[in-house]
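Visitor: My structure is below; once you've seen it, I'll send some questions.
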Amino acid sequence: MHILLVADGRSPITHRWLDSLLALQYQVTLISSHPCEPPEGIQALHVVPIAFSRLTAGGKAGQVGNRRSGLRRGLVKTFRNAFLTARYQLAPFSVRYYAPRFREIVAQVKPDLVHALRIPFEGMLASHTPVGIPLVISIWGNDLTLHAPKTAAMGKLTRQTLQRANGLHTDAQRDLRLAYEWGYPADHPGLVVPSNGGMDLERVQRMRAALPPEWETRIPKDHTLVINPRGVRAYTRTDTFFQAIPLVLEQAPQTAFLCPSMAGEAVAERWAAAIHADERVILLPALGQGQLWELFTRCPVSISVTDHDGTPNTLLEAMSCGSFPVAGNIESLREWIDPGVNGLLVNPGSPRELAAAILQALSDPGLRENANQANLNMIRDRAEVSHVRPKIAAFYQKVLEIG
């Protein structure tokens, strides 16, 4: 089978899904919404920069190009809310503009099946797949709860995308239910598995990687570590997280908070300065996958507090590495976490609840130990690649037969 994958070619989620497709012996051609290097093993790469993706892409043209791309990314970070608002308003026009180019690539590739990872904006582009070619859409955690309701145009394109789809992949049962409400035909196939194609537990152990010395030296060696791997996004409760830190430090002063993907983020830097936590808040740059896995093994507690989510891959990774999850009490995460058994859930808007949950987890090694075993069993039963990949293959085959 030849699959035309429409996705952000820079994304670790895309790379992990590609790993599963290639392991299943599929041929894959990638249409990336962002400029990127061709992932190993694919047939070909095409870049279709929908929704102003060049504004956030990295530079490739030497030092000057890198400085310019860095300046663009810095401006986007500084004016994040304004950029997102403009994107919601204008991106639908971008999708229509690039639709003819997308159809040209489809005609050239002649895929057996087109699969778009997330609705905005890759799925919206892929909804222009010619009739007769089956289309699979993946929903990521905030596609229907955050992005679709933002504007009338976003809602309309979301409905059109779901109505065009022949198969739907979600990483939470909640999103499958919501998709029916947004127009996905109830008699079409659905698949609920992690958005990254599953956790390869052997790979997690094998590819753990040390941090560079300049980052490692910033981490206090005599402190208990708590990690927040979610970065600064439109749906992460950065405010709740940072306001909880002083409350934790009042009772557990030998605690340090690691914050990957927050270095250089103005919002995170302002919060870190405001709470006066000095060296106990470590803002780190974006980490390689192996480096993040290594930190999970060193951090007894992992934080994932958001208003919108499906099944965060960082949550599954933390669970796989033995880091106790403290997360927002939202519907999709209740599919994975039984409070007091394998994690804790808190009101995403309550710093006091978050601080209390962190302190409970830090002070109860028995709770953490029991949760670690329960989480590892859950990953093996529900999210390990040996369990997920056969489901992906059966799902694609069903879509082909029906579509």
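The values are calculated or read from the model by the stated rules, or taken from the named source; none is laboratory data. The shown structure was predicted, so the numbers you read here are calculated from the model rather than taken from an experiment. Note that we place each Cβ from the backbone using ideal geometry, even for glycine, and neighbour counts take in every protein chain shown.
Visitor: Can you say whether Tyr180 is over 20 Å from Ile358 (Cα atoms), hydroxyl-bearing (Ser, Thr, Tyr) and outside any loop (DSSP other than H, G, I, E, B), as far as the supplied structure shows? Break it down into steps so the answer makes sense when it comes.
Guide: Details: over 20 Å from Ile358 (Cα atoms): yes; hydroxyl-bearing (Ser, Thr, Tyr): yes; outside any loop (DSSP other than H, G, I, E, B): yes.
Yes; evaluated as a whole, the condition is true for this residue.
Visitor: Now, a different point. Residues to consider are Ser323, Ser302; find the one that is surrounded by 23 or more Cβ atoms within 10 Å (Cβ to Cβ), in contact with a Cys (Cβ under 6 Å, 6 or more places away or on another chain), under 30 Å from Leu18 (Cβ atoms) and assigned by TED's automatic domain parsing to the domain that holds Phe257. Spell out how you get there, then give the answer.
Guide: On the way: Ser302 fails: in contact with a Cys (Cβ under 6 Å, 6 or more places away or on another chain).
Exactly one residue qualifies, and that residue is Ser323.
Visitor: Moving to a separate point now. Write out, first by first residue and then by second, each pair whose Cβ atoms fall under 7 Å of each other, whose residues are 6+ apart or on separate chains, and whose first residue, in segment 327-352, is free of Cβ contacts under 8 Å to residues at least 12 places away in the same chain while the second is of a type in the set (Asp, Glu).
Guide: Sorted first by the residue in segment 327-352, then by its partner, the list stays empty.
Visitor: For segment 242-272, give me each residue that is closer than 17 Å to Ile358 by Cα, in a helix (DSSP H, G or I) and among the small types (Gly, Ala, Ser).
Guide: Ala244
Visitor: What's the number of the only condition in (1) surrounded by 14 or more Cβ atoms within 10 Å (Cβ to Cβ); (2) assigned to a loop (DSSP other than H, G, I, E, B); (3) free of Cβ contacts under 8 Å to residues at least 12 places away in the same chain that Ala186 fails to meet?
Guide: (1)
Visitor: Also, I was wondering about something else. Just to verify a result, which residue in segment 343-372, among those that are in contact with a strand residue (DSSP E or B) (Cβ under 7 Å, 6 or more places away or on another chain) and among the charged types (D, E, K, R), is surrounded by the fewest Cβ atoms within 10 Å (Cβ to Cβ)?
Guide: So the residue we want is Arg368.
Visitor: While we're here: Got at least one residue in segment 133-144 being surrounded by fewer than 20 Cβ atoms within 10 Å (Cβ to Cβ) and over 22 Å from Ile392 (Cα atoms)?
Guide: No, the conditions are met nowhere in segment 133-144.
Visitor: Now a separate question. Does Gly340 meet the test of being surrounded by fewer than 15 Cβ atoms within 10 Å (Cβ to Cβ) and on the phi > 0 side of the Ramachandran plot? Even if it seems obvious, please write down each step before you answer.
Guide: Details: surrounded by fewer than 15 Cβ atoms within 10 Å (Cβ to Cβ): yes; on the phi > 0 side of the Ramachandran plot: yes.
Criteria met by Gly340.
Visitor: Taking the criterion of being modelled with pLDDT of 95 or more, acidic (Asp, Glu) and either more than 21 Å from Phe324 (Cα to Cα) or not in a loop (DSSP other than H, G, I, E, B) (or both), would at least one residue in segment 202-209 satisfy it?
Guide: For segment 202-209, residues modelled with pLDDT of 95 or more, acidic (Asp, Glu) and either more than 21 Å from Phe324 (Cα to Cα) or not in a loop (DSSP other than H, G, I, E, B) (or both): present.
Visitor: Looking at this structure, is Ala394 over 20 Å from the mean Cα position of the chain (by Cα) and more than 26 Å from Ser20 (Cα to Cα)?
Guide: On the way: over 20 Å from the mean Cα position of the chain (by Cα): yes; more than 26 Å from Ser20 (Cα to Cα): no.
No, not satisfied.
Visitor: Got a number for residues in segment 86-119 being within 16 Å of Lys156 (Cβ to Cβ), under 25 Å from the mean Cα position of the chain (by Cα) and at pLDDT 95 or above?
Guide: Total meeting the criteria: 1.
Visitor: Mind counting the residues in segment 273-294 that are in a helix (DSSP H, G or I) and within 24 Å of the chain's Cα centre (by Cα)?
Guide: Qualifying residue count, segment 273-294: 6.
Visitor: Condition test on Arg159, is it surrounded by fewer than 19 Cβ atoms within 10 Å (Cβ to Cβ), assigned by TED's automatic domain parsing to the domain that holds Thr297 and either at pLDDT 95 or above or aliphatic (A, V, I, L, M) (or both)?
Guide: When the stated conditions are applied, Arg159 does not pass them.
Visitor: If you take the residues in segment 216-252 that are at pLDDT 95 or above and basic (Lys, Arg), which one is farthest from Pro348 (Cα to Cα)?
Guide: Only one residue tops the list, namely Arg218.
Visitor: Going through segment 225-241 one residue at a time, which ones are outside any loop (DSSP other than H, G, I, E, B) and either under 21 Å from the mean Cα position of the chain (by Cα) or surrounded by fewer than 16 Cβ atoms within 10 Å (Cβ to Cβ) (or both)?
Guide: Val226, Ile227, Thr236, Thr238, Asp239, Thr240, Phe241
Visitor: Looking at (1) closer than 27 Å to Gln254 by Cβ; (2) at pLDDT 95 or above, which is the one condition that is false for Ala277?
Guide: Only one criterion is unmet by Ala277, namely (2).
Visitor: Of all helices (runs of 4 or more DSSP H) completely enclosed by segment 295-403, which ones contain at least 2 residues that are charged (D, E, K, R) and closer than 30 Å to Ile133 by Cβ?
Guide: 385-402
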